[in-house]
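Following: one structure in C-alpha cells, then a few remarks.
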2 protein chains.
Amino acid sequence: MIAKDIFFKVLSNSNEDGVKARTGLLKTAHSEIETPVFMPVGTLGTVKAIEQRELHEFDTRIILGNTYHLFLRPGIEVMENAAGLHNFMNWNKSILTDSGGFQFFSLSKLNKNSEDGVEFSSHLNGDKFFFTPEKVIDIQRIIGSDIMMPLDECLPSPSEKKVVEKSIALTYRWEKRCFEHYENTKEKYGHSQKLFSINQGSIFPDLRKRSIEGLTEIDFDGHAIGGLAVGEANNIMYDIVDHSTDYLPKEKPRYLMGVGTPVDLLECVERGIDMFDCVMPTRNARHGRLFTTTGEVNLKSSAIKNNFNSPDEECKTYTSVNFSLAYLRHLFISNEILGFQLASIHNIGFYLNLMKNIRESINENKFKEFKQQFLNKYLKNKIDKKLNLQKGI
Amino acid sequence: MIAKDIFFKVLSNSNEDGVKARTGLLKTAHSEIETPVFMPVGTLGTVKAIEQRELHEFDTRIILGNTYHLFLRPGIEVMENAAGLHNFMNWNKSILTDSGGFQFFSLSKLNKNSEDGVEFSSHLNGDKFFFTPEKVIDIQRIIGSDIMMPLDECLPSPSEKKVVEKSIALTYRWEKRCFEHYENTKEKYGHSQKLFSINQGSIFPDLRKRSIEGLTEIDFDGHAIGGLAVGEANNIMYDIVDHSTDYLPKEKPRYLMGVGTPVDLLECVERGIDMFDCVMPTRNARHGRLFTTTGEVNLKSSAIKNNFNSPDEECKTYTSVNFSLAYLRHLFISNEILGFQLASIHNIGFYLNLMKNIRESINENKFKEFKQQFLNKYLKNKIDKKLNLQKGI
C-alpha cells in the first residue's frame, strides 16, 4: 500500500551485481499495479480473443488501448457517450492509451508531419485527419485512460542521424505542448489521468541522452522509451535500454514500448524497465504459436498430432490444465475460433506469470538465478536442436 | 432420478388441450439430461467460439459431434489414441454424434449411394471414402459418443414421391444393418453407447408413417425425425412432426434433427419432440445476429451505435449482464473475435434458458400460456414493424 496521492513508488532495488531491476507500485484511480508489469494490448477495446473476466483470472491490473484505432472505431462520439473506455468495454482496472504516434508510422498509408502535428489517412478507408499534440490529449481525455501518452514522431529503422536529431527536437516540442495542454485541461469522468513522456533517438546513445534530458525536465508522471524493437538487433536494443535507464529518474516509472519476447522482458527488467506492452502474446497465439515454459510451440505442427500431454506442465492456465497439444493442434488445423481463444489465454497467462515470478525474484535478490533457470528451460529445446545440428544428429 | 439401467423416462405429460408436450429424463453414462433439450452443435469437437467451461455455466448436459467432420479432422487414428471424443475435447457430459448422412448430402462435392453404402469425397481436399452402415457404427464406437446415429439417406427438398419411397426403403435396410452391427460390437471405453433410428419420408405423411413403422419395429433406444428443415415451409414441417409423433412410441425419446428457431422449438415441443439440435444459435452469432427475449437483433446495425443498454434485460448471460449493444456492435464492426465469443455465449445461453422455461411450463401444465407470453415479446418488434408498415408509419 502507498499513500493515495502517490502515483508510483519503488519498493525494492535489486542488490545483485550489475542488475538494475527494481519492483514498484503504480497506483491509478482504478488499480494498484505491481511493477515490473506486462500490459496486455487491447487495441480496439478488447484484448483480442480474451474475455474481460479472463483478464481478471490472470489478475491483470492494466491493459492498453490505442488512441488511433479507437478514434477511428468506435469513434470519439461513441466513446464520449459511453463515458469513456472503462465503461464502454466494462473494464474496471487501469488502462494506458498510446498516442497514435506509432500507428501513424506503421499503419497509415500517408502521413505528413509538420510543426503543428500529423496529417494522416485512415488505414480503413483513406479518410484524412489532422492530429495536433493538443488533440491527442483531448481524445485521451475522452477515452478516459488512466495513463495517457503524448504525440511523438516515430522514425523507421535505420534512420540517418541527422534526420533523428531533427526528429527528437520536434518530438520534444510536441510533447511539451501535450504537457501544457494536459495541465490546462481536466479529466472528464472524475478520475485522475496521468501523462508520460516518450523519448526517441533511434539507436544513437547521445541522441537518446539528449531526448531524455529534455523530456525529464518536464514534470511527466513517467517516462517511456519509444522507437525500439522496430528492426534493430536485440543486443543494440538492450544497450540502448541500458544507456537510457542511466538517465531516467529513479523515482518515476519507466516504460519500454512495444517490447517484446519473454527473453526481451528479462533482459530489459534487468536494465531497469518497469512497464512493457506488446502484441506478441496475443498475435502469436492467433498464428498458433504458444509460449510455454520449455519454449515456443508451433501448434500447427504435425509432430504433436498425437501428443496428448499438456502444452505446459508448469505454467497453469485454463488451457494448459484442461487441453492437450493434440487438441490444440486440431483446433488450429480446423481453423476453430476456440484455438485462438485457448492459445491467447495461455500466452497472456504465461506473460503475466513470468512477470510475477520476476517480481518475486527481484524482491528476494534472486533475479539472476531466476533468469538463468528460466532461460535454461525456455531455450533448452532451441539449444539442443542447434547442438544436434552441429553434431550432425 | 431414475434407475441406473433405465435410459429414458417420461416424467410428465402436459394435460393441456392439443398439447403433446412432455418432460423426461435421459440418462447416459455421462449425464442426466432433462427433456425437452436443445443440444449445442460441436461439429469438430468444439461448440464454435465457446469454451467448455462456458458450456458448463449454462448447465449444458449434452452436445453434438459430427461423425463426418471428425472422421476427416482430426481423423479416427487421433480419436482412438485420445480414447474418444470426451477425452480429446475434455468434455465430461454427454455427446451425441450424427452419422454423416446429412453432411454427405449437404457438403460432399460428390456422393454416390448404393445398396452397400455411400461413396463420398471430402469437402476439404476431394479425397474419396466409402462408408457402409457398419463403418458408421465402427467410427462412432471409436468416437465413443453416448448416443450414436445410424446411416440414413438424406434427399433434397422437394423430391419426387417415387424417389422418396425408394429412399426410405434403402434407409431402412441401412439402419437395420447399423443396429445389427451395433448389437454385435462393444463399446471401447467402458461406457455404454445408445443407438437411435432416423426416419425419413420428406413431406409425405404416408411415407413418414411407413418409415416410422418399419424402424420402430427394431429396438432402437430412441427415434429421430430426419430430413426436415431442408427448405419446406414451416407449417408443413410442423404438420409432419405432429403426424410423426403420433406413430413414435411414447416411451422412447424423440429427436427432431437440425431444428431450429426459437419459434420452431416451441411449436415442435408442443407436438411431442424431446430433443433438438441446430447450428443456428452459434452460426447466427458469428454473423452478428443475437437471439434476445424481444426478438433477433442485428449487431451490425447502425441503429445501436449509441445504445448502451443490455442486449437482453431478461435472459441473463455473461454477455447480457456485462456488455452493451453499442460495445457488441463495435466488436462486430471491427471484426473482433470477442464479438463472436460474446454473441455465441448469449445465443446458446438463450436457447438453453428457453428450454428450461419450456420444461417448467410443461411441468406446471402452463405450456400454452408460456408459449404465448414468449411469442408476444419475441415477435412484438416484428409485429409492430408490420403494423406500422400497414398504417403507413
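The values are calculated or read from the model by the stated rules, or taken from the named source; none is laboratory data. Bear in mind that the values here come from a model prediction, so they are computed numbers and not experimental data. Every residue, glycine among them, receives a Cβ derived from its backbone with ideal geometry; neighbour counts consider all protein chains shown. Only protein heavy atoms, including side chains, enter the accessible area calculation; ligands, DNA and RNA are left aside. Shrake-Rupley method; radii C 1.70, N 1.55, O 1.52, S 1.80 Å.
Some notes on this structure:
- Computed E for A:His191/A:Asp138 - FRET, C-beta separation, R0 22 angstrom, nearest 0.05: 0.85
- Chain pair A, B: total accessible area buried, heavy atoms, 1.4 Å probe, Å²: 3500
- Neighbour-limited loop hits for GluC sites (Glu not before Pro), the range B:339-389 (at most 13 other Cβ within 10 Å; DSSP other than H, G, I, E, B): B:Glu364
- Beta bridges per DSSP with both ends in chain B, % antiparallel, nearest 5: 45
- Computed E for A:Glu32/A:Asp246 - FRET, C-beta separation, R0 25 angstrom, nearest 0.05: 0.35
- Alpha carbon centroid spacing (whole Å) that separates the range A:1-62 from the range B:70-137: 49
- Shielding of B:190-203 by partner chains, average beta-carbon count, 10 Å: 0
- The mean sequence distance of close C-alpha pairs (under 8 Å, at least 6 residues apart), as a share of the length of chain A, puts its relative contact order at 16 percent.
- Two-site FRET efficiency, B:Thr216 against B:Ser157, from Cβ-Cβ distance with R₀ of 22 Å, rounded to 0.05: 0.40
- Residues of type lysines that A:Lys27 reaches as a straight line, Cα spacing below 20 Å, ignoring anything fewer than 8 places off in the same chain: A:Lys4, A:Lys9, A:Lys93, A:Lys186, A:Lys188, A:Lys194, A:Lys250, A:Lys252, A:Lys356
- Estimated from helical segments only, the mean residue ellipticity of the protein assembly as shown at 222 nm is -13000 deg cm²/dmol, where each DSSP H run of four or more residues counts as -39500 (n - 2.57).
- With all protein chains in place and a 1.4 Å probe, the accessible surface of the range A:339-393 carries 53 percent carbon and sulfur.
- All aspartates and glutamates inside 15 Å of B:Lys382 as judged from Cα atoms, apart from same-chain residues fewer than 8 positions distant: B:Glu296
- Approximate spin-label separation A:Ile76-A:Asn365, in nm, with each point projected 7 Å along Cα-to-Cβ: 5.2
- Cα centroid separation, the range A:242-288 to the range B:222-255 (Å): 61
- Peptide A:311-322 is shielded by partner chain Cβ atoms: per residue, an average of 1 of them sit within 10 Å of its Cβ.
- Take each residue in A:331-337, count the other chain C-beta atoms within 10 Å of its C-beta, and the mean is 6.
- Computed from label points 7 Å out along Cα-Cβ, the spacing between A:Arg283 and A:Ala169 is 3.3 nm.
- Residues of the range A:35-61 with amide N under 11 Å of a point placed 7 Å along Cα→Cβ from A:Lys356: A:57-60
- Taking the chain by itself as reference, the range A:338-364 contains these residues with an accessible-area loss of 30 Å² or more in the full protein complex (1.4 Å probe, heavy atoms): A:Leu338, A:Gln341.
- Taking label points 7 Å from Cα along the Cα-to-Cβ direction, A:Leu387 and B:Asn125 give a separation of 3.6 nm.
- The portion of the accessible surface of the range B:261-300 made up by carbon and sulfur, rounded to a whole percent, is 45 (1.4 Å probe; DNA, RNA and ligands excluded).
- In terms of the mean number of neighbouring beta-carbon atoms within 10 Å, the peptides A:50-58, A:183-191 order highest first as A:50-58, A:183-191.
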